[in-house]
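Worksheet: the structure to be examined is printed underneath.
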């Protein structure tokens, strides 16, 4: 495995690098978030260990930019701050796991192994498709910069569409992802909410991105 360690504390970076190398891993170290961006963009890493408090851009911003640049290597964020808000922010900016300092090196290794097993699947923190932008963390939706107000269920349905942009999604799949078993009136609820969505995200903008796929269900076109 090849690991990128982004840590500005020289002693800490050295300890992590030495420990990982003793486990047979190849390790590169960056002291700044800006350095991590170009290194991760030019080399395919199996995982990234990213400190939160960095000079220049911090770990949150570094992680966000990595994902924006299409770098999907799993990110393990390190921090001395253990507030729940910080952990939530890290995960919402695209991190895959969170480890609070001081930590056990054995736990660091175990978490890295678990992350690498999952692979570098594309997991954008903010979804964009068909001219739409959806941020699950802030619960905001916009089209071309214009904010759109959606109900919680409309938001959930649109998120399913955007995570499967360009794919035909059956009514059953939409029902399974956006409604739970306790919801009783499941007959035509998908069609009703698709109509609500079209009235809010398509018609006011003169677009038709949510298509009906005859005999299957619906599809969100990737281009408006």
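Select from region 68-79 the residues that are buried (at least 19 other Cβ atoms within 10 Å of the Cβ) and either over 13 Å from residue 51 (Cα atoms) or free of Cβ contacts under 8 Å to residues at least 60 places away in the same chain (or both) and write down the one among them that is farthest from the chain's Cα centre (by Cα).
To start, the set of residues in region 68-79 that are buried (at least 19 other Cβ atoms within 10 Å of the Cβ) comprises 71, 73-79.
Going one step further and asking which of them are either over 13 Å from residue 51 (Cα atoms) or free of Cβ contacts under 8 Å to residues at least 60 places away in the same chain (or both), we end up with 71, 73-77, 79.
Working: 71: 11, 73: 11, 74: 10, 75: 11, 76: 13, 77: 14, 79: 19 Å.
The extreme case among them is 79.
Within region 202-222, the set of residues being within 13 Å of residue 171 (Cα to Cα) and assigned to a loop (DSSP other than H, G, I, E, B) comprises 214, 215, 216.
For region 104-111, state whether one or more residues are touching a residue at least 40 places away in the same chain (Cβ under 8 Å), in contact with a helix residue (DSSP H, G or I) (Cβ under 7 Å, 6 or more places away or on another chain) and outside the structural domain of residue 190 (by TED's automatic domain parsing).
First pass over region 104-111, keeping only residues touching a residue at least 40 places away in the same chain (Cβ under 8 Å): 105, 108-109.
Next, from what is left, pick out any that are in contact with a helix residue (DSSP H, G or I) (Cβ under 7 Å, 6 or more places away or on another chain): 105.
The next check asks that each one be outside the structural domain of residue 190 (by TED's automatic domain parsing); those that pass are 105.
Looking for residues that are touching a residue at least 40 places away in the same chain (Cβ under 8 Å), in contact with a helix residue (DSSP H, G or I) (Cβ under 7 Å, 6 or more places away or on another chain) and outside the structural domain of residue 190 (by TED's automatic domain parsing), one finds at least one in region 104-111, hence yes.
Pick out the one residue from 82, 86, 8 that is outside any strand (DSSP E or B), within 24 Å of the chain's Cα centre (by Cα) and either surrounded by 13 or more Cβ atoms within 10 Å (Cβ to Cβ) or at pLDDT 90 or above (or both).
Working: 82 fails: either surrounded by 13 or more Cβ atoms within 10 Å (Cβ to Cβ) or at pLDDT 90 or above (or both); 8 fails: within 24 Å of the chain's Cα centre (by Cα).
Of 82, 86, 8, the one residue that is outside any strand (DSSP E or B), within 24 Å of the chain's Cα centre (by Cα) and either surrounded by 13 or more Cβ atoms within 10 Å (Cβ to Cβ) or at pLDDT 90 or above (or both) is 86.
Annotation: of all residues in region 127-147 being in contact (Cβ under 8 Å) with a residue 12 or more places away in the chain and in a loop (DSSP other than H, G, I, E, B), the one that is farthest from residue 2 (Cα to Cα) is 144. Considered as a group, the residues in region 124-152 that are modelled with pLDDT under 85 and surrounded by 12 or more Cβ atoms within 10 Å (Cβ to Cβ) include one that is farthest from residue 47 (Cα to Cα), and that residue is 130.
Among residues belonging to region 153-172 that are assigned to a helix (DSSP H, G or I) and farther than 23 Å from residue 93 by Cβ, point out the one that is modelled with the highest pLDDT.
First pass over region 153-172, keeping only residues assigned to a helix (DSSP H, G or I): 153-163, 171-172.
Next cut, farther than 23 Å from residue 93 by Cβ only: 153-154, 157, 161, 171-172.
Values: 153: 85, 154: 90, 157: 90, 161: 93, 171: 88, 172: 85.
Residue satisfying both the conditions and the ranking: 161.
Considering only region 108-115, I want to know if a residue exists there that is part of a strand (DSSP E or B), surrounded by fewer than 19 Cβ atoms within 10 Å (Cβ to Cβ) and modelled with pLDDT under 90. Looking for residues that are part of a strand (DSSP E or B), surrounded by fewer than 19 Cβ atoms within 10 Å (Cβ to Cβ) and modelled with pLDDT under 90, one finds none in region 108-115, hence no.
Listed here are the residues, each with its yes/no results for (1) farther than 19 Å from residue 91 by Cα; (2) touching a helix residue (DSSP H, G or I) at 6+ places or on another chain (Cβ under 7 Å).
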residue: 2; (1), (2): yes, no
residue: 13; (1), (2): yes, no
residue: 29; (1), (2): yes, yes
residue: 37; (1), (2): no, yes
residue: 42; (1), (2): yes, no
residue: 52; (1), (2): no, yes
residue: 71; (1), (2): no, yes
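The residue that is nearest to residue 70 (Cα to Cα), counting only those in region 20-37 that are touching a strand residue (DSSP E or B) at 6+ places or on another chain (Cβ under 9 Å) and surrounded by fewer than 16 Cβ atoms within 10 Å (Cβ to Cβ), is 32. Filtering region 38-61 to residues that are more than 18 Å from residue 99 (Cα to Cα), crowded, with 22+ Cβ neighbours inside 10 Å and in contact (Cβ under 8 Å) with a residue 40 or more places away in the chain leaves only 45.
The values are calculated or read from the model by the stated rules, or taken from the named source; none is laboratory data. Since the structure is predicted, the reported quantities are computational estimates derived from the model, not experimental observations. Using ideal geometry, Cβ is built from the backbone for each residue, glycine included, and neighbour counts are taken over all protein chains shown.
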